[in-house]
Each structure stands twice: as C-alpha cells, then as structure tokens.
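Data first, discussion second: the structure below is written as structure tokens.
The values are calculated or read from the model by the stated rules, or taken from the named source; none is laboratory data. The structure displayed is predicted, hence computed values, not measured ones. No Cβ is skipped: glycine too gets one built from the backbone with ideal geometry, and neighbour counts run over all protein chains shown. Accessible surface is based on the protein model in full, side chains and every heavy atom, while ligands, DNA and RNA are left aside. Shrake-Rupley method; radii C 1.70, N 1.55, O 1.52, S 1.80 Å.
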Amino acid sequence: MADVRFLLSGDSSVTVEFGNEISPAINAQIRAFTIALEESKLPGIVEVVPTYRSLMVHYDPGVILYDELVKELKGLMGQLSNIQIPPSDVLEIPVLYGGEAGPDLAFVAEHNHKTPEEVIKIHTSTEYLIYMLGFTPGFTYLGGMSDEIATPRLKQPRVKIPAGSVGIAGSQTGVYPIDSPGGWQLIGKTPVRMYDPDRAEPILPKAGEYIKFYSITQAEFDAIAAQEAAGTYECKRHPRKEGGQ
C-alpha cells in the first residue's frame, strides 16, 4: 500500500493510483477502496471511476476542498484490510463466431497456427475480469485472455465497426457496445446490447465482474436479437466460483 499516490487531476477530481501494473491484486485494492469510500458517506463525492490501476474521484469543491479530501482518502487506506469484497458475478455473453459476424476469425487462427474452431474454444474457455469501462459507453477492458490467440491490431482501422462486435487486439479482447471506428480483429458478434440508453441501467457490464463468452448459432443469434428488440432478453448472471476459469 506504500505505492499509493494521490494525484491532482483537475479542479474537481483526484486520482488515487495503486500501482503501475495490470493485476487482479491491484484491482482488488481498487474495489476495496471503492467500497470503503461508499461506506464512508464522505460529503462532496460526485462519482468514482475505476481504471486498470487507479480510481478517479470526482468531487464538488463547494462542499469539500482538495487538501481535506486527500486527507480523508488517506484515512480510508487503513480500513482496506477489513473490507469484505463481495463475490463477483459472471455475466454470460452469447457470441456468433466467424462469417460476416467475425470477418477476422480466419486471420486470428492463421496468425496463431490454429483452426478457427480452436480459437473459439480458447476464447470461450476463460472468465475475463472486467478491469474497467471506457473508450465508448460500456466498452469492456478485459483481462485474462490466453496468449495462444493474441493477435496484433489491424494495420488500417475500420471506419465503422457494428455494435456487438467481439474483437482481439494484442492480448486483449472486448466487445464494441456501439457503432464506432476501431482497429481490433473481429472474431464474432453478440446480439446483446452492452449499452442501451433507454434501459434503467444503460450499461450492462460492471467493472469488477467477469464475462464468459459462449458460442451460439445464427438461429440463436436471431432469436436473441428479436428478444433484445422487444426488451425481453436478460443475460444470465451467476456468482463466480472461487478459482473459477
């Protein structure tokens, strides 16, 4: 905990930096600190935004000033060992792999000297920790992808990638929640709306949860897409078993 730094990040925010690497241990510290901050009911806190290795705290300087806030935040650090982090949920995301839904699947397989079926098996065999959300609303930055299917980004990014596209970039994987430009290798597509501004909770995934992808057929994709359009589809969530993969 000695490496924790408090960094001025504008006139109404402070960044609490827990380290300089991406790791589940640092993520656990961030989650524990977030819980401690929420339980403290500290006045003037507007929003907290977790990232890979830090937490940005937005505050109202009309309620609490920077120096006082940092003093309070430092005081919370001694409580982290007593924080009980609740078990993470696993969010199950259906994916149609290959074809028009995943135009780069064959390249990812060729690059890694595997068959497309082997890439799919590896990609669906892991529970991926959601370290943070960003880039676009609901874009998931996931950890834990096997290096067996790691593939460089496209040399020429696409101008428009359809919402729901599942991609690989280096040793990362993730889902594009809205239509947007991007340079990731697209291996599949989910019919699930990761971001829907008309929902009570617009962003489906949550930082600290895990995502488990599973393969579906075109018929299953179409059926889920129809339920999504009708507002009746609900992704499965279940508590993660300790040591789960």
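With contributions of -39500 (n - 2.57) from each DSSP H run of at least four residues, the per-residue ellipticity at 222 nm computed over the chain stands at -7000 deg cm²/dmol.
Counting only the backbone N, which residues of region 26-70 are under 13 Å from the spot 7 Å out from the Cα of Q79 toward its beta-carbon? Answer for this model: 32-43.
Not counting the cut sites, what is the longest span of the chain without trypsin sites (Lys or Arg not before Pro) that DSSP labels loop and that have at most 13 other Cβ atoms within 10 Å? Walk me through the intermediate numbers first.
Details: sites that count: K41, K155, R199, K236, K241.
Counting only loop sites that pass the neighbour cut-off, the longest clear stretch is 42-154.
If I stretch the segment between I64 and K155 completely, what's the gain in nm (0.36 nm per residue apart, minus their alpha carbon distance), one decimal?
Numbers: separation 91, 0.36 × 91 = 32.76 nm, distance 4.71 nm.
That pair, I64 and K155, stretches by 28.1 nm at full extension.
Full extension of the chain between T136 and F107 yields a length gain of 7.9 nm, computed as 0.36 nm times the residue separation minus the alpha carbon distance.
Element breakdown for region 58-146 at a 1.4 angstrom probe: carbon and sulfur atoms account for 52% of the accessible area. Going down the list K212/K236; K41/K206; K160/K212; K41/K74; K121/K212; K114/K241, which pairs span over 18 Å between their C-alpha atoms? Table pairs above 18 Å Cα-Cα are K41/K206; K160/K212; K114/K241. For the pair E201 and S40 in one chain, pulling the backbone fully straight at 0.36 nm per residue adds 55.5 nm over the alpha carbon distance. Accessible surface computed residue by residue for the chain, with neighbouring protein chains in place and a 1.4 Å probe, gives 52 Å² per residue.
Accessible surface for E201 stands near 110 Å², nearest 10, in the context of the full protein assembly shown (1.4 Å probe). Starting from the Cα gyration tensor of region 48-87, take the square roots of the eigenvalues, sort them a ≥ b ≥ c, and report rounded, prolate or oblate (rounded when a/c is under 1.5, otherwise prolate if a/b is larger than b/c, else oblate). In terms of gyration-tensor shape, oblate.
Taking other residues whose beta carbon is less than 12 angstrom from the beta carbon of S12, and scoring Lys, Arg as +1 and Asp, Glu as -1, yields -3.
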